[in-house]
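Report on one structure; see the data block that follows.
What follows is calculated from the coordinates using simple rules that are stated; it is not laboratory data. The structure presented is a predicted model; accordingly, all values stated were derived computationally and were not measured. Positions of Cβ are backbone-derived with ideal geometry, glycine not excepted, and every protein chain shown enters the neighbour counts.
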Amino acid sequence: MNRKKFLKNACVTGACMCGFASVFQAVKGSTETGQAEAGQDDNGKALIQEWIAQLLSGMDSNLTEENKRAIMKKCAIVHYNNLKMDEVLSGYKGNLEDFIKFLEKEWGWVISWDNETKTLIADENKSYCVCPMVNHGKKLETDIICYCSEGFAEKMFSLVADAPATAKVISSILRGDRSCQYKVNF
């Protein structure tokens, strides 16, 4: 394998770690100090988001859908842990009905649950992408970041239902849809 191909593969898979950990630390730090509020101008955050946009574009151009989905779903754990979701969800473990009520009341989501097919449709009910990795001032040229949302939803609903869940984004702001929606199967 030549040097160029090696470096390309290392960066695409995240193996090079050329500051990748510091990228997430910077995002975490700016969030903790309140600098990541929507609408605030934060050049450090904008730099990180642009870097991520370029990484995602490279992944989108060079990987199969299966590989893109696998890599991005693994990234979900960073945001999940940053939000301390295990703690947030601890009172809902084994109680999907109360968790649905929480999502609707506290997060403004619209949920449809089919108990017979064990299928849930979760609509974030927002007219913007909630992902902190997306620069809302610039159009992201790819929607593969949505695979990260699938991973987040799978982790969240699996913990609450105390059973494996699979999630698929069926509607996305980044794809031009009205809101982001997930189909979750248990």
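Below are the figures for this structure:
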read-out	value
Those chymotrypsin sites (Phe, Trp or Tyr not before Pro) in the stretch 112-181 that DSSP places in a loop and that have at most 16 other beta carbons within 10 Å	128
Backbone HN-Hα couplings from phi across the stretch 86-93 [Karplus 6.51/-1.76/1.60, Hz, Gly and Pro as x]	4, 5, 4, 8, 3, x, 10, 4
At R0 = 30 Å, FRET efficiency that the Cβ-Cβ distance of residue 138 and residue 67 yields, to 0.05	0.75
5 angstrom amide H check on residue 119, placed H, neighbours 5+ away	114
Net charge dipole size for the stretch 66-186 [Lys, Arg +1 and Asp, Glu -1 on Cβ; Debye, nearest 20]	460
In the stretch 68-174, trypsin sites (Lys or Arg not before Pro) in a DSSP loop with at most 15 other beta-carbon atoms within 10 Å	84, 93, 118, 126, 138, 139
